[in-house]
Amino acid sequence: MSSLRVVYSADRIHERLKEVASTIANDYGDRELILVGILKGAAFFLADLARLMPRPVDYEFVNVTTAQGDHGEIVSLTYATQVDVKDRNVLILKDVFHTGITENYLITHLSQQKPASLEVAALVDKQQLRSVNLNARYSVFDDAPEGFLVGYGLGPSQGEHTNRPDLCIAEDA
C-alpha cells in the first residue's frame, strides 16, 4: 500500500487551468479550435479546460497505446471518434507528456488530414524525459517531482485514486 503526497491541490489545478485557457483563447482569437484528448488520462483535463474556455470549442477523444517491440516502442491508434481536422486548429491534450513518442505519432497521423494548425497541451510536462524533438505549446505544470502521479484522472489501470480532485505522488508506505 502506498501513501499519497499532494503535489497540486484542486484549487491550484483550477487556477492554472484558468490561466492556460485564457492564453489559449488569446492565441487562437476567433479561429475555430478542436481539443483532441488522449484517453483516458486527459479526460478530466479536457473537460475542465473546455469549460474554462471563454469561447466555443469542439472536442474529440482518441486512444493511443504503446507496446515494447523487437526494435523499440510500437505505437497504435486504437480508438478515435469521428475526428475530422481538415483545415481546423487542433490542440492535442495529454495528461503527462513524457518521451513525446505518443504525441509525435498522433501529430503524424492527424497531419495527414491537413489541419490548419496542430499543437500539444500537457497537464504535466516532463521535458527532461523527452526522447523526440517535440515540445508542448501549453503546459499546466512543468515542475512535477519524480514519481508516479495519481488523481485528476491519472492512476493505475485499476482506477485507484483516479477520481481525486488533486494530483498526488504515490509513495511507498
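Being hydroxyl-bearing (Ser, Thr, Tyr) and not in a loop (DSSP other than H, G, I, E, B) is the requirement here; does residue 139 meet it?
Details: hydroxyl-bearing (Ser, Thr, Tyr): yes; not in a loop (DSSP other than H, G, I, E, B): yes.
Against the criterion (hydroxyl-bearing (Ser, Thr, Tyr) and not in a loop (DSSP other than H, G, I, E, B)), residue 139 qualifies.
Could you please let me know if residue 80 is in contact with an Asp or Glu (Cβ under 9 Å, 6 or more places away or on another chain), surrounded by 13 or more Cβ atoms within 10 Å (Cβ to Cβ) and at pLDDT 90 or above?
Values: in contact with an Asp or Glu (Cβ under 9 Å, 6 or more places away or on another chain): yes; surrounded by 13 or more Cβ atoms within 10 Å (Cβ to Cβ): yes; at pLDDT 90 or above: no.
It is false that residue 80 is in contact with an Asp or Glu (Cβ under 9 Å, 6 or more places away or on another chain), surrounded by 13 or more Cβ atoms within 10 Å (Cβ to Cβ) and at pLDDT 90 or above.
Would you be able to tell me the number of residues in region 21-52 that are surrounded by fewer than 20 Cβ atoms within 10 Å (Cβ to Cβ) and either over 20 Å from residue 162 (Cα atoms) or among the charged types (D, E, K, R) (or both)? Can you show your working first?
Restricting attention to region 21-52, the residues satisfying the condition of being surrounded by fewer than 20 Cβ atoms within 10 Å (Cβ to Cβ) are 22-23, 25-32, 34, 39-40, 43, 47-48, 50-52.
Then drop every residue that is not either over 20 Å from residue 162 (Cα atoms) or among the charged types (D, E, K, R) (or both), which leaves 22-23, 25-32, 34, 40, 48, 51-52.
Count: 15.
If you go through region 108-136 one residue at a time, how many are outside any strand (DSSP E or B), of a type outside the set (D, E, K, R) and surrounded by fewer than 18 Cβ atoms within 10 Å (Cβ to Cβ)? Lay out the reasoning, then the answer.
Narrowing region 108-136 to residues outside any strand (DSSP E or B): 108-116, 126-136.
In the following step, the residues that additionally are of a type outside the set (D, E, K, R) were identified as 108-113, 115-116, 127-129, 131-136.
Narrowing further to those that are surrounded by fewer than 18 Cβ atoms within 10 Å (Cβ to Cβ): 108-109, 111-113, 116, 127-129, 131-135.
Residues in region 108-136 being outside any strand (DSSP E or B), of a type outside the set (D, E, K, R) and surrounded by fewer than 18 Cβ atoms within 10 Å (Cβ to Cβ): 14 in total.
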Among residues of region 1-57 being farther than 24 Å from residue 103 by Cα and basic (Lys, Arg), the residue nearest to the chain's Cα centre (by Cα) is 12
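The values are calculated or read from the model by the stated rules, or taken from the named source; none is laboratory data. Because the structure is predicted, anything quoted here is derived from the model rather than measured. Note that each Cβ is placed from the backbone with ideal geometry, even for glycine, and that neighbours are counted across all protein chains shown.
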